[in-house]
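Single-structure report; data block below.
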Amino acid sequence: MKKEQGEHKKQQTLFTVGPVMMFPSTLRLGGTQVPYFRTPEFTTTVLDCEQSLILLADAAIGSRAVFLTASGTGAMEAAIINTLSPNDRALIIVGGTFGARFCEICKDAAIAFDAIELEPGASFDPEMLKAYDLSQYSALLVNAHETSTGVRYDIAALGAICRANGLLFIVDAISAFLCDPISMISMGIDVLIVSSQKALALAPGLSMLLLSPRAIEIVERAHVSSYYFGLKKYLQDGARGQTPFTPAVGVLMQLLDRLDALKAIGASALVDQCHARANYFRHAIEGLPYAIFAQTPSNALTALSPQKEGLAQDGQQAQKARSAYAIYEILKNDYGLVVTPNGGALKDTVFRVGHMGNLTKKDFSILAAALREIAE
Ligand SMILES: *Cc1c(COP(=O)(O)O)cnc(C)c1O
């Protein structure tokens, strides 16, 4: 149903890829006084969060989590500069904006790398690595889900190759964690990167690194030329439930509350729920002129490409709806439904519908109905 003018200002539903719709108890906590943090109580909060994350990520005994007050990109940078040096060479899978970000970080840190560039929306066949002499690399870097195009990679297969070749396996799971299956142990992941504003559905500003015992050893030995992002301090202080600097205390309080709820459900049930939402939506738009863009879609979101052929020839709305960006604008302004537009080369051809956060099947059926109306 179209919203009356002005009505959407009161209420918008976010189908974005972060921040996402938050849960009532998170919202309640957001309105409470942030506590002082150099206390035994807050120490317990940090240690509990670490244990829950280790459990949900299925990390090996002896793994650690560190909490950074930074968006996810800060954690990507911290992962790279604490485990790689200019003596190393990294191999990076680049299927879009977030893969390219790994390359930019390496460039700034003077770390040599080779990028395997994929066509937007294309999947990655681990067989492609056979063309590379893996002995010349120290690490493989990949986004478990390339959020700019909706593509999910085969992390288990990549992990097996890393293990067989002694490569450190660094995985940005910022948009995959709790949406697609992630197991640090069975997928051989050494560094897992997570952030607060995606499937955890918290306020932005907190990112987390989960480190395997092997990654911890490397971090402990590293000489890092960043004061704030040198992880040794975080590991040291984290052992007693503290952070070297003032953390995003409020977001950590939200995280504890959320992880307590999630732990009870379990990671695989959460992945199943996200999968069910994604499936429901994809089913609901079957027959509509929007093609699924990713070859191997993540449960986190559905990237859609409007198909000119299917759109009404004479409808004014349908004329506009030939552009993905125009669809985003119509949905937001006329319906109060906020999907995620793409930038750059994909601006007019792709928009993304997120399945993370506090969304129900009803929300997706409303969105599907709006997409149907727009195409007419
Ligand atoms: C959201 C996201 C990030 C982090 O972006 P920030 O804006 O820095 O939080 C990194 N990688 C992926 C795959 C993401 O989806």
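Only the coordinates and a few stated rules stand behind these numbers; no lab work does. Just so we're clear, the structure is a prediction, and the values are computed from it rather than from any experiment. Don't worry about glycine lacking a Cβ; one is built from the backbone with ideal geometry, like all the others, and counts go over all protein chains shown.
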note = Links exceeding 22 Å between C-alpha atoms in this model, out of 308/347; 107/130; 130/347; 332/361; 198/332, come to 107/130; 130/347
Gap separating the Cα centres of the stretch 16-93 and the stretch 168-204, nearest whole Å = 10 Å
note = For 216-226, 292-302, 251-261, ranked highest to lowest by mean beta-carbon neighbours within 10 Å, the order is 292-302, 251-261, 216-226
ask   = Spin-label point model (7 Å from Cα, Cβ direction): what's the residue 372 to residue 237 distance in nm?
value = 5.4 nm
task = Work the Kirkwood hydrodynamic radius out for the stretch 66-152: mean of 1/r over every pair of different alpha-carbon atoms, inverted, in Å.
result = 13.5 Å
note = So the FRET efficiency between residue 123 and residue 41, C-beta based with R0 = 56 Å and rounded to 0.05, is 0.75
ask   = residue 85 to residue 276: FRET efficiency via 1/(1 + (r/R0)^6), r the Cβ-Cβ distance, R0 51 Å, to the nearest 0.05?
value = 0.70
Under the Karplus curve 6.51 cos²θ - 1.76 cosθ + 1.60, θ = phi - 60°, whole-Hz ³J(HN,Hα) for the stretch 240-250, x wherever Gly or Pro sits = 10, x, 10, 10, x, 10, 4, x, 6, 4, x
request  = For the stretch 1-133, just run the numbers: alpha carbon Rg, then divide by 2.2 N^0.38 Å, N being how many residues it has.
outcome  = 1.48
query = Once you sort the root eigenvalues of the Cα gyration tensor of the stretch 104-171 as a ≥ b ≥ c, which label holds: rounded (a/c under 1.5), prolate (a/b larger than b/c) or oblate (the other case)?
reply = oblate
Three-way shape call for the chain based on the alpha-carbon gyration tensor, with the a/c threshold at 1.5 = oblate
request  = Starting from the amide H of residue 290, placed 1.01 Å from N in the peptide plane, find each other amide H under 5 Å away whose residue is 5 or more places distant or on another chain.
outcome  = 307
3J(HN,Hα) from dihedral phi, the stretch 138-150, Karplus parametrisation 6.51/-1.76/1.60, rounded to Hz, x for glycine, proline = 9, 8, 10, 10, 8, 8, 3, 10, 7, 4, 6, 10, x
ask   = Hey, rough spin-label estimate for residue 25 and residue 307, points 7 angstrom out along Cα→Cβ, what's it come to in nanometres?
value = 4.3 nm
request  = Identify all aspartates and glutamates with a Cα-Cα distance to residue 232 below 18 Å; exclude those on the same chain that are fewer than 8 residues away in sequence.
outcome  = 50, 77, 190, 217, 220
